[in-house]
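The structure appears right after this line, and notes come after that.
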Amino acid sequence: MNVTIVGTGYVGLVTGACLADLGHHVFCLDADEAKVAMLNDGRMPIYEPGLDELVARNRDEGRLSFSTDVKASVAFGDLQIIAVGTPPRADGSADLRFVHAAAKAIGRHMDRFKVVVQKSTVPVGTAEQVSRIVRAELHARAKDLDFSVVSNPEFLKEGAAIDDFMNPDRIVLGVDDDLPGRRALGLMRQLYGPFNCNQERTRVMDVRSAELTKYAANAMLATRISFMNELANLADRLGADIELVRQGIGSDPRIGYSFLQAGAGYGGSCFPKDVDALCRTALERGQRLSVLEAVQSVNQRQKLVLLQKVLGHFGDDLAGREFAVYGLAFKPGTDDMREAPSRAIIAGLLRAGARVAAHDPVAQESAARALAQDLADEPELLQRLRYVERPAEALVGADALLLVTEWKQYRVLNPSQLKRAMRTPVVFDGRNLWDPDQLAAAGVTYLGVGRSNLAQMREANPTPQPAQQLALAKKKLRNGA
Ligand code: UDX
């Protein structure tokens, strides 16, 4: 099939490259000439594992091209997939300017039946707006052409986007129940045919339900995270271990294990923006989404929990102290710094007078840009922030190590190396990645999220471990007790 993708941002580029890999012919349009030149040159504007090879292979084999030519892009694809950005406005609502411009261009240049596929995450009702814009353009040209707007939200996770695209749990298609809608559905089924060989993964519904499905999915996942983060803070007070609680509840199939990881809060381009947008949409319809409002405010607070733990441990004045920070991107596998908890944590440390040595395997450049922007009014703070090439460099002379993003390369922590290199071996584990008992046994002070008090309590008041308890019980038995 011939497919046009409008917008070579994260979603557009992954979608385009994957569809080309399935054998479709894909024309990617972007208004940014520099970006198109970069892509034609084989360089990637974003970091996503495996994407560069996928793009290169499909471009070399002639199934994938990049261009700024709007007219040619509309002429090319029977399917016009809109995957442009929908950045949040100052009031939290989605800015649909680029979606509207794409719809206008399609209406202005189309000369045969087109399926307009809405892939960007957009407020419920946007597909209808797109339809109106295309129709108005056709009307202005006195053209009587059929088209249909389909809502086909994406569920790609950054860092695993190619795998998510190639192995979808479901393909949501929101289509109109009319003649052009049914024709569009046929083409969409053809597009995604390879995914439905063994199992039907397509969920066909009306357009509004499809638009809402995307928000509902992200809102549910964000809710699970905030729920666990709130319980983790309670676990801290109670001296319970949230990791054990997670395992205890996750084994219930009605609950499951995913997205129950407590930590330094969620970030990224989707959860914060989409939960806000859904709350807004509801308010516009006269309904408050109280649960989701709480989900957002819990997350805002959670981003500062690690910083509060540092201040609780060292006092409010961190002048003369140095902190190693591991992981800057909002999650592993990406260089994306949007809404990353590391931004608030590092800014807080610097404001309290600390020096910071930061490491991220991929996101250091984007982190430097993001933090320079966040601290534009206090540029002097940036002088106390440095980025290091290797994680170990950050530890030298540090008062504490903060783990903010759980990249794989941080998994193995060597306690004796920590003790040798650091001024004081203290670890704030913002993703509960490390074993508190192992670190505590090696003389490293460990504070996690929802488990830090436990290690401290064990230190202060050691309780026998199960193995020790068993040994004690056996001894008592032997002694006839
Ligand atoms: C998300 C959705 O998962 C995806 O389906 C949608 O298309 C876009 O939004 P993404 O933003 O790439 O994807 O990241 P995701 O892996 O979902 O993580 C989002 C945030 O939640 C990260 O900051 C992550 O650290 C955090 N998170 C995730 C937790 O704090 N705990 C968890 O258990 C899971």
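The values are calculated or read from the model by the stated rules, or taken from the named source; none is laboratory data. Only a predicted model underlies this, so the values are computations on that prediction, with no experimental measurement involved. For neighbour counting, all protein chains shown are included, and Cβ atoms are generated from backbone atoms with ideal geometry for every residue, glycine included.
All but one of (1) on the phi > 0 side of the Ramachandran plot; (2) in contact (Cβ under 8 Å) with a residue 40 or more places away in the chain hold for Phe259; state the number of the condition that does not hold.
So the condition that Phe259 fails would be (2).
Read through the list (1) over 21 Å from Phe271 (Cα atoms); (2) among the charged types (D, E, K, R); (3) within 16 Å of the ligand (Cβ to nearest atom), then give the number of the only condition that Arg343 fails.
(1)
Considering each residue of the stretch 9-26, count those that are buried (at least 24 other Cβ atoms within 10 Å of the Cβ) and in contact with a helix residue (DSSP H, G or I) (Cβ under 6 Å, 6 or more places away or on another chain), and give that number.
Residues that pass the stated criteria total 4.
Based on what the data block shows, is Thr223 in contact (Cβ under 8 Å) with a residue 60 or more places away in the chain, surrounded by 13 or more Cβ atoms within 10 Å (Cβ to Cβ) and more than 29 Å from Met1 (Cα to Cα)?
When the stated conditions are applied, Thr223 passes them.
If the Cβ limit is 6 Å and pairs must be 6+ apart or interchain, which residue in the stretch 82-95 that is polar (S, T, N, Q) pairs with which residue that is not in a loop (DSSP other than H, G, I, E, B)?
If the second residue must be not in a loop (DSSP other than H, G, I, E, B), the pairs left are Thr86/Ala94; Ser93/Arg280.
Is it the case that the stretch 58-71 has a residue that's within 30 Å of Gly42 (Cβ to Cβ), charged (D, E, K, R), in contact with a Gly (Cβ under 8 Å, 6 or more places away or on another chain) and within 16 Å of the ligand (Cβ to nearest atom)?
No; the residues of the stretch 58-71 include none that is within 30 Å of Gly42 (Cβ to Cβ), charged (D, E, K, R), in contact with a Gly (Cβ under 8 Å, 6 or more places away or on another chain) and within 16 Å of the ligand (Cβ to nearest atom).
Residues to consider are Pro332, Pro272, Pro361, Pro341; find the one that is over 16 Å from the mean Cα position of the chain (by Cα) and either more than 13 Å from Leu402 (Cα to Cα) or modelled with pLDDT of 95 or more (or both).
Answer to the selection: Pro361.
Anything in the stretch 296-346 that is over 16 Å from Arg369 (Cβ atoms) and among the hydroxyl-bearing types (Ser, Thr, Tyr)? List them, or say none.
Ser297, Tyr326, listed by residue number.
Collect the residues in the stretch 164-182 that are more than 22 Å from Ala216 (Cα to Cα) and free of Cβ contacts under 8 Å to residues at least 40 places away in the same chain, keeping them in residue-number order.
Asp177, Asp178, Leu179, Gly181, Arg182
Output the number of residues of the stretch 226-256 satisfying the condition of being surrounded by 13 or more Cβ atoms within 10 Å (Cβ to Cβ) and part of a loop (DSSP other than H, G, I, E, B).
The qualifying residues number 4.
How many of the residues making up the stretch 55-70 are closer than 17 Å to Phe165 by Cβ and buried (at least 21 other Cβ atoms within 10 Å of the Cβ)?
3
Among the candidates Val172, Val134, Val115, which residue alone is within 16 Å of the ligand (Cβ to nearest atom), β-branched (Val, Ile, Thr) and surrounded by 19 or more Cβ atoms within 10 Å (Cβ to Cβ)?
Within the list Val172, Val134, Val115, the selection yields Val172.
Out of Gly333, Gly353, which single residue is on the phi > 0 side of the Ramachandran plot, assigned by TED's automatic domain parsing to the domain that holds Leu413 and more than 15 Å from the ligand (Cβ to nearest atom)?
Result: Gly353 is the single residue among Gly333, Gly353 that is on the phi > 0 side of the Ramachandran plot, assigned by TED's automatic domain parsing to the domain that holds Leu413 and more than 15 Å from the ligand (Cβ to nearest atom).
Just wondering, is there one or more residues in the stretch 140-151 that are at pLDDT 95 or above, away from the ligand (no atom under 13 Å from the Cβ) and farther than 22 Å from Asp78 by Cβ?
yes
Please enumerate the residues belonging to the stretch 392-410 that are over 20 Å from the mean Cα position of the chain (by Cα) and within 16 Å of the ligand (Cβ to nearest atom).
Within the stretch 392-410, just Leu402 meets the criteria.
Test Glu389 against the criterion of being of a type outside the set (A, V, I, L, M, F, W, C), part of a helix (DSSP H, G or I) and over 20 Å from the mean Cα position of the chain (by Cα), and give yes or no.
So Glu389 fails the test.
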